[in-house]
Structures are given as structure tokens and as C-alpha cells.
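Take a look at the structure below.
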Amino acid sequence: MSKTAEFALDGFLNVLKPPGLTSHDVVGSLRKILKTKKIGHAGTLDPGAAGVLPIAVGRATRFIEYLAAVGKSYRAELLFGVETDSGDDTGTVLVRATEGWGFPTTEKILAGMKTLTGEITQVPPIYSAVKIDGRRAADLVRANKEVTIPPRQVTIYRFDLLAEDRDRRTLLLDVDCSKGTYIRSLCTDLGRAVGIPATMSFLVRTRVGEFLLQDAFTLEELRKMAEEDFSSLPLLPPENYLGHFPRYDLPTMRLKAFTNGLSTHDVKFAEALRAEGFTAEAGEPLLVSVWCDRIFRAIGRFDWETESVYPEKLYIL
């Protein structure tokens with residue numbers, strides 16, 4: 001029996017994506033390293049960016065979609081002087097600063113950042129993975145199709161200025177943000193806010209939900225682990241990274257019915273959710289992590305109207 005067969009490959013991997021590889025490239029490399037096809041990634045990173053890329057293996061791939069809802073953190077470098085079509089320094093320059101322009105004052109930079117903190121409206125770059133009529137905007141642009149991306153609401157929870165380098169014309173920034181935020185657009189918008197064209201010149205993602213940069217592993221580290229001892233791979237239990245969902249403890253007597261697709265009515269759980277501040281949003285069900293006998297079993301959905309928990313996606317039967 002192979003080492004792969006002896007060890008159940010189920011869980012998340014916290015991978016440090018290097019610049020120069022696409023997120024799909026990382027998945028392809030891991031399929032060879034782990035000798036399995038059941039792998040997927042959450043939260044695409046641009047090819048030029050580095051940082052945290054959560055990877056799901058085995059049954060954990062069922063839960064990739066739920067990581068889309070978590071917040072993310074980035075460290076970015078902004079370059080003053082040019083604005084590009086891609087929002088970073090790999091793109092075509094659209095606007096250049098006027099000759100003799102001066103580096104903005106710290107006060108002006110901070111004032112601009114303040115206008116871009118909280119709930120804001122931004123337009124993603126045309127070179128992005130945003131879907132338009134089922135196709136990625138970037139693919140449409142490369143096919144010489146006209147692309148118009150509608151603005152979207154995102155939330156910037158924290159926007160910090162770490163350093164200014166007037167010789168290099170750059171700022172070093174830290175950002176905590178909601179899903180769907182484009183840091184390239186944030187850099188472009190900050191340039192516009194201070195009146196000087198700007199683009200992103202460097203990006204590293206430092207956090208995706210509970211996945212942290214300091215805990216991430218390179219592809220080479222994972223390759224060595226797989227070659228030496230498959231069981232030493234740092235596979236992470238999915239339930240540890242779905243904590244953004246409320247926990248529901250399913251009664252043991254309801255486990256069989258639940259795994260067969262039946263709902264469980266629970267008025268006390270509804271009361272507890274309301275006490276914690278959860279409310280129905282436009283009639284949409286609330287996703288919950290379902291546990292039974294201290295074991296994570298599934299992602300469920302709580303329906304406010306029926307005050308019942310329904311199975312959404314099972315993990316352990």
C-alpha cells in the first residue's frame with residue numbers, strides 16, 4: 001500500500017504562494033506533490049502577488065466556497081507618479097503625474113486614506129477575475145472586447161500607513177478588508193484622492209480568515225514533507241477555519257435524520273442567535289457549522305421562518 005493510501009488526505013493547507021505563479025499553478029504543483037486530483041484553492045491571488053493561499057484537499061474541497069466570506073489582510077506598496085490600466089506596475093500607463101510634481105504631505109495621505117476607510121465603493125481593475133456574462137474580465141480585455149465593470153461595495157476595516165519613501169516615491173500600507181476588495185483599485189483610488197496618479201507596485205497577502213502568513217508553508221517545504229513522511233503534512237481540520245459561522249450542536253438522536261437530508265426544528269437555537277445579534281437578512285438563511293457528539297459534521301443553513309436547521313454540505317456522516 002502506498003503512503004498516500006495509508007494517510008487520509010483531508011483538510012486545508014496554508015500555502016505561501018510565491019510571486020510569478022498563478023493560483024492555478026500552485027494547485028497543479030500540489031496535485032503532483034500529493035499525488036491526488038482532489039485539490040482546490042480559495043481566494044485567488046494575482047500572479048505577481050505573494051502570500052497566503054488556502055488550499056483544500058480531499059473532502060475539505062467541499063468547503064472552499066465558504067472561505068470566500070472571510071476577511072483578508074494585505075501589505076502593499078503604492079508607487080506615485082503613474083496610473084495603469086491593470087492597477088499595478090505591470091500594466092500600461094494611462095496617466096502620468098505632471099512634470100515637477102511633489103510628494104504629498106503625510107497629512108494629505110492620511111486624509112485620503114480616511115476617505116477610503118469603512119464601507120466604500122470601488123471599481124475592480126479590468127484585468128481581474130471579475131465575471132462578465134460568465135467570462136473573466138481579463139480574458140475579455142485580452143480578446144479585445146470592451147469591458148465595463150460595475151462598481152461594488154466593499155469594507156476597509158483598517159487602513160494603516162507604515163512608511164513613506166520619498167526617494168522611491170512609494171508608500172507601504174497595511175489593509176484589513178472584506179471579501180471582494182481589490183488592493184490595486186485601492187491604490188489607484190488613494191492616488192486620485194491626493195491628486196497624484198498611483199499604482200500598486202508590490203502585494204503580499206498576510207491573512208485569509210484564520211490562515212496567517214507566519215504559519216504558511218512554501219511548495220518546497222511541502223514537497224520535502226511529502227517525500228519524507230506523508231503523515232507529517234500540515235493538514236488543518238476544516239472546522240478550525242469555519243469559525244465565522246455560528247456553531248450548532250445537533251442532538252445525537254437527530255444525526256441520522258440530518259445526514260439523510262431532514263431538518264431539525266430548534267426554537268432555543270433561534271432565541272440564542274437573536275440574543276447574539278444575528279437577524280434575518282432579506283429572508284436569506286443563515287449558514288451554521290453543525291457539530292454532533294463533539295465532531296464537526298456539516299455546514300447547515302438555519303431558516304428563520306421555520307426556525308429549523310437544514311443540511312447544506314456534509315463532511316462526516
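Numerical summary
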read-out: Strands (runs of 3 or more DSSP E) (entirely within region 26-86) containing at least 3 residues that are modelled with pLDDT of 90 or more and β-branched (Val, Ile, Thr); value: 50-57
read-out: In region 274-317, the residues that are farther than 25 Å from ILE64 by Cβ and either free of Cβ contacts under 8 Å to residues at least 12 places away in the same chain or not acidic (Asp, Glu) (or both); value: ARG274, ALA275, GLY277, THR279, ALA280, GLY283, TRP304, THR306, SER308
read-out: Near pairs, Cβ below 9 angstrom, 6+ apart or cross-chain, from region 226-241 (closer than 17 Å to GLU65 by Cα) to any residue that is among the aromatic types (Phe, Trp, Tyr) and part of a loop (DSSP other than H, G, I, E, B); value: PRO238/TYR315; GLU239/TYR315
read-out: Positions within region 256-267 being crowded, with 18+ Cβ neighbours inside 10 Å and either not assigned by TED's automatic domain parsing to the domain that holds VAL288 or not hydroxyl-bearing (Ser, Thr, Tyr) (or both), in sequence order; value: PHE258, ASP266
read-out: Odd one out for GLY91, checked against (1) outside the structural domain of ARG184 (by TED's automatic domain parsing); (2) surrounded by 14 or more Cβ atoms within 10 Å (Cβ to Cβ); value: (1)
read-out: Residue in region 99-121 that is in contact with a Gly (Cβ under 7 Å, 6 or more places away or on another chain) and either of a type outside the set (A, V, I, L, M) or surrounded by fewer than 16 Cβ atoms within 10 Å (Cβ to Cβ) (or both) present; value: no
read-out: Pairs with Cβ under 7 Å, 6+ apart, first in region 133-160 and touching a residue at least 24 places away in the same chain (Cβ under 8 Å), second among the hydrophobic types (A, V, I, L, M, F, W, C) and part of a helix (DSSP H, G or I); value: ILE149/ALA137; PHE159/MET113
read-out: Subset of region 263-275 (residues that are over 20 Å from GLU312 (Cβ atoms) and either in contact with a Pro (Cβ under 9 Å, 6 or more places away or on another chain) or not acidic (Asp, Glu) (or both)); value: VAL267, LYS268, ARG274, ALA275
read-out: Failed condition for ALA163, given (1) modelled with pLDDT of 95 or more; (2) surrounded by 13 or more Cβ atoms within 10 Å (Cβ to Cβ); (3) in contact with a Ser or Thr (Cβ under 9 Å, 6 or more places away or on another chain); value: (2)
read-out: Which listed residue, of SER29, SER23, is among the hydroxyl-bearing types (Ser, Thr, Tyr) and buried (at least 19 other Cβ atoms within 10 Å of the Cβ); value: SER23
read-out: Complete set of residues in region 44-69 that are more than 24 Å from LEU172 (Cβ to Cβ), surrounded by fewer than 21 Cβ atoms within 10 Å (Cβ to Cβ) and not small (Gly, Ala, Ser); value: ARG59, THR61, ARG62, ILE64, GLU65, TYR66
read-out: Filter result (more than 20 Å from ARG158 (Cβ to Cβ) and either assigned to a loop (DSSP other than H, G, I, E, B) or hydrophobic (A, V, I, L, M, F, W, C) (or both)) within region 115-135; value: VAL123, PRO124, PRO125, ILE126, TYR127, SER128, ALA129, VAL130, ILE132, ASP133, GLY134
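The values are calculated or read from the model by the stated rules, or taken from the named source; none is laboratory data. These figures come from a predicted structure and were not determined experimentally. With ideal geometry, Cβ positions are generated from the backbone for all residues, glycine too; neighbour counts draw on all protein chains shown.
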